[in-house]
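Since the structure comes first, as structure tokens, the remarks are kept for the end.
Quick note: the coordinates plus some simple rules give every number you see, no bench work behind them. Keep in mind that this is a model prediction, so the values were computed, not measured. Cβ placement follows ideal geometry from the backbone for every residue including glycine, while neighbour counts extend to all protein chains displayed.
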Amino acid sequence: MTVLAIRNLAKAYGGVQAVRDVSFAVAAGELLAMIGPNGAGKTTCFNMLNGQVAPDAGSVEFEGRSLLGLSPRQIWRLGVGRTFQITATFGSMTVRENVQMALLSHHRRLWSMTALATRSFAGDADALLARVGMREQADRPCAVLAYGDLKRVELAVALASRPRLLLMDEPTAGMAPRERNELMQLAAELARRGGIAVLFTEHDMDVVFTHADRVIVLSGGELIAEGPPDAVRADARVREVYLGSGNA
Amino acid sequence: MGSVPFFFMSASSILIQFLNGLASASSLFLVAAGLSLIFGVTRIINFAHGSLFMLGMYLAVALAPMLGFWWSVPLAALAVAAFGALVEATLLRRLYAAPELLQLLATFALVLVIKDFTLWAWGPEDLLGPRAPGMDGAVRIAGLRYPEYDLFLIGFGPLVLGALWFLLRRTRWGTLVRAATQDREMAGALGVNQRWLFTSVFALGALLAGLGGAVQIPREPATLFIDLQIISDAFVVVVVGGLGSIPGAFLAALLIAEIKSFCIGLGYSKITLVVEFIVMAVVLIVRPWGLLGRMPAQTRGPGALELPLALPSRNALVALGGTALALALVPLLSAGYTLVLLTDILVFALFAVSLHFIMGPGGLHSFGHAAYFGLGAYGAGLLLLKGGVPMELALVFAPLLAVLGALVFGWFCVRLSGVYLAMLTLAFAQITWSVMFQWDAFTGGSNGLIGIWPSSWLSSKTAYYYLTLATCVGAIALLWRVLYSPFGYALRAGRDSPLRADAIGIDVRAQQWAAFVFAGLFAGLAGALFAFSKGSISPEALAVPRSVDGLVMVLLGGIQTLTGPVWGAALFIWLQDVVSRSVDYWRAVIGAVVLFLVLVFPQGVTGFLRERFAR
Ligand SMILES: Nc1ncnc2c1ncn2[C@@H]1O[C@H](COP(=O)(O)OP(=O)(O)OP(=O)(O)O)[C@@H](O)[C@H]1O
Ligand SMILES: [Mg+2]
């Protein structure tokens, strides 16, 4: 079942065509990797999917419903979770409180002036943190965490609303190789068992080719290849983009 | 003068009003351009810019009898420029790396110091300037007499615009200024001598302000009020024109001055502010960064690292309860003046806590919180005197006037952030002040309202003290409690990371708006309590210095702590009481103390102590 369908997406910043004519789809339970060199347009694509940036052209459909013109807030409510390439967390709150905020929002309790925030959904938050391996650090302030740990917190936050589509922009940056594989294992599990559609970007090719079900390749804003990992790895244009001259 | 509908104005009087607008625009443009220029390079909003304008006026008036008018104008401007350079080199230079809020506060302290200096040097009376020799006549335009000097001013603004354009576009200095405006690090890497550049830019900005003031003296008297009036006008101009854009400042100055001129010409001078407000509102809705402005680059985050908000420990609760109990026992030990002072402290503690509510956790730096305090105070007075409402009900319903104000102003304010927000809140407060000040028939104008006394059962100092104690302690406890609720957390979430907040479904603007109104409600309650404790109310209750008092209390106590504003208020009110009883120029003393504290304790006093003893 197709969860997310993108057609002919385009975005220019001034003279820079960041994304041009990109189309692809993600199915439920699928782990789709989006790769490409720096500046290929990956983050720009993500920003257009969750409503942060308005595309110049093209369409974005989530479960058959157009997302164009909706704010990130509305898109999140529909069931799209996201992590950022440059992590965005609430620095003056603890790790647990960060997740609790997402839970409070999911349960529409943000306007309560009588409840105690720290006592709300604490158990649920801890369960989510345990899944991403952050349970021990639940009481630490987010502002003092290592980068890889922040990425994990973001994942827990993104999962709090039980999304049906998960967008992860470089989820394993700042982690050791073993941690990377553990995190992607978790993502694969979410997709397989939870039926979540997962779209992620990643610079570590080992991670990509080990875990992704399918890979799409962006270069200069264009989609240049798409297919199962092995086919993409063998693709001449992809090798050219990654290795330079193409004589490899 | 009665009001004349627009279509009854003759073509010639329309022309005259139009010319009047052009003439006023010149001076306004000079001030706004200086403000914009200084901000572009140093990233400091100079709240003392109106004070530099005022200095220019007084200096020119003082120099004119000795040197003649035409020499007094440039010399006054140069003297102000020199003063500006001095201020930059001794004070502001130390603050470039400090949090935005402290920079604003420091320039605010300068406002106080300069005002008292002017009072000391030239006295409290308005000073009339001379006419401009050689231009003291009038010419006939479309059959009406028009002052020659105003024609000169009409040409003067564009002349300065041209000179600035030349300076910025055609000289090496201008290239450096533009480079620094666009990218400070880059300018540093280019080997630009930043110190010299910053000082010279500040001096030029001060020169423009001083010049703007000096050229006004044939048209209007120098007064001690002009500083805040000009700065809020300049803020409106800069917000409308776009911060950092000199042509934008010119365009907006024209627009605002023309609006004023036509409102006055039609006999509706009292609605000038309302019209100005509507224009600003429309511009902000259509172009949030002003007519010719660009979206500002993401400004610095919330200064220092803030710790998570832990639930108060048992000991802390006992200590707070003990303090409240001790306060309740005070009337048994002493009466009279101590109770009056403590009543003041309680009222202002509530005011400061309500300001902290939006400023600390909300990250909304309001420089006009006194508007809501004043609206509550006037609400109480008007309900009692004009509405004939019993005092008890007046106290309950008065804060609703503040809520109304916060609803309207807050709607605009939450659309902006950082310095834009600070300027807008100040402009709104100034507008509210002007309405109260000018509406003689309803608010008593500059005299205010008298005879706002509590009901007889509350008329003793002790009874009123208990009322204030119970109300303020309850309200402060409530404000603090809300910060521990999901609402309070969502507010902090929006401050910490608007991006993440938005991405998890938090409607940051709506929650900030609600918080703004909530804080306004309690500031209004403090204002109503204040009115009944004094028995009278004057426009001073919501003037800009009152807003600054609130800021000083919050920052003095430390913005990162909940109890900080309470201690800050206690310290401030006590200090004010002691100083104002022994020194005439107590505002200057307060200003100097603030400057000292800003330079020595950039984290506030409680923040400093906590950092000191946490180790
Ligand atoms: N807000 C912006 N303004 C101007 N140009 C932008 C903006 N955002 C992205 N770009 C440009 O668009 C292009 C694509 O950037 P994008 O961040 O999407 O790449 P990316 O594939 O995510 O790169 P990376 O692997 O480094 O994260 C780049 O050339 C970038 O400079
Ligand atoms: Mg990217």
Determine the shielding of peptide A:137-145 by partner chains: average, over its residues, the number of Cβ atoms on other chains within 10 angstrom of each Cβ.
2
Using a 10 Å cut-off around each Cβ of peptide B:308-319, what is the average number of partner chain Cβ atoms that fall inside?
2
In percent, how large is the relative contact order of chain B, given Cα pairs closer than 8 Å and 6 or more residues apart?
19 percent
Taking the stretch A:65-174, which trypsin sites (Lys or Arg not before Pro) meet the DSSP loop condition and have no more than 15 other C-beta atoms within 10 Å?
A:ARG108
Answer rounded, prolate or oblate for the stretch B:256-412, using the Cα gyration tensor with square roots of eigenvalues a ≥ b ≥ c: rounded when a/c is under 1.5, else prolate when a/b is larger than b/c, else oblate.
oblate
Peptides B:577-583, B:463-469 ordered by average Cβ neighbours within 10 Å, highest first:
B:463-469, B:577-583
Compute the Cα gyration tensor for chain B, then decide on rounded, prolate or oblate, letting a ≥ b ≥ c be the square roots of its eigenvalues: rounded whenever a/c is under 1.5, prolate when a/b is larger than b/c in the other cases, and oblate in all that remain.
prolate
I want to verify the translational diffusion coefficient of the protein assembly as shown in µm²/s; compute it with Stokes-Einstein, Rh as the Kirkwood radius over Cα pairs, at 20 °C and 1.002 mPa s.
72 µm²/s
What is the extension gain from B:LEU499 to B:THR323, computed as 0.36 nm multiplied by their sequence separation minus the C-alpha to C-alpha distance, in nm to one decimal?
59.3 nm
Two pseudo-spin positions, 7 Å from Cα along C-beta at A:ASP21 and at B:LEU333, lie apart in nanometres by 8.4 nm
Taking 51 Å as R0, compute the FRET efficiency from the Cβ-Cβ separation of A:GLU222 and A:GLN185 and round it to 0.05.
0.95
Averaged across A:113-126, how many Cβ atoms of other chains sit within 10 Å of each residue's Cβ atom?
4
Given R₀ = 51 Å, what would the calculated FRET efficiency be for B:LEU571 paired with B:ILE278, taking r from the Cβ atoms and rounding to 0.05?
0.80
What's the center-to-center distance, using Cα atoms, between the stretch B:396-429 and the stretch A:197-219 in Å?
49 Å
Separation between Cα centres of the stretch B:48-72 and the stretch A:155-189, rounded to whole Å
66 Å
Label-to-label distance, nm, for residues given as B:ILE141 and A:ALA176 (7 Å Cα→Cβ offset):
7.9 nm
Summed residue charge, Cβ within 14 Å of B:SER261's Cβ, Lys/Arg positive, Asp/Glu negative
-3
Local net charge near A:ARG164, Cβ-Cβ under 15 Å (Lys/Arg +1, Asp/Glu -1):
+3
For the protein assembly as shown, what is the number of Lys pairs with C-alpha distance below 20 angstrom, counting only pairs 8 or more positions apart or on separate chains?
5
For the stretch B:93-169, run through the chymotrypsin sites (Phe, Trp or Tyr not before Pro) and keep only the ones in DSSP coil with at most 16 other Cβ atoms within 10 Å of their Cβ.
B:TYR96
Farthest towards the positive end of the dipole of chain A, among A:MET93, A:ILE216, A:GLY133 and with Cβ unit charges of +1 on Lys and Arg and -1 on Asp and Glu, lies the Cα of A:MET93
Contour minus Cα-Cα span, B:ALA121 to B:SER456, at 0.36 nm per residue, comes to 116.0 nm
In nm, spacing of pseudo-spin labels at A:ARG135 and B:ARG287 (7 Å Cα→C-beta vector)
5.7 nm
Alpha-carbon centroids, the stretch B:451-510 and the stretch B:136-152: separation in whole Å:
56 Å
Sum up the charges of everything whose Cβ sits under 12 Å from the Cβ of A:TYR147, counting Lys and Arg as +1 and Asp and Glu as -1, but leave A:TYR147 out.
-2
Tell me, what is the FRET efficiency for B:SER269 and A:MET113 to the nearest 0.05, using R0 = 35 angstrom and their Cβ-Cβ distance as r?
0.20
A:MET93, B:MET57 arranged by Cβ crowding within 10 Å, fewest neighbours leading:
A:MET93, B:MET57
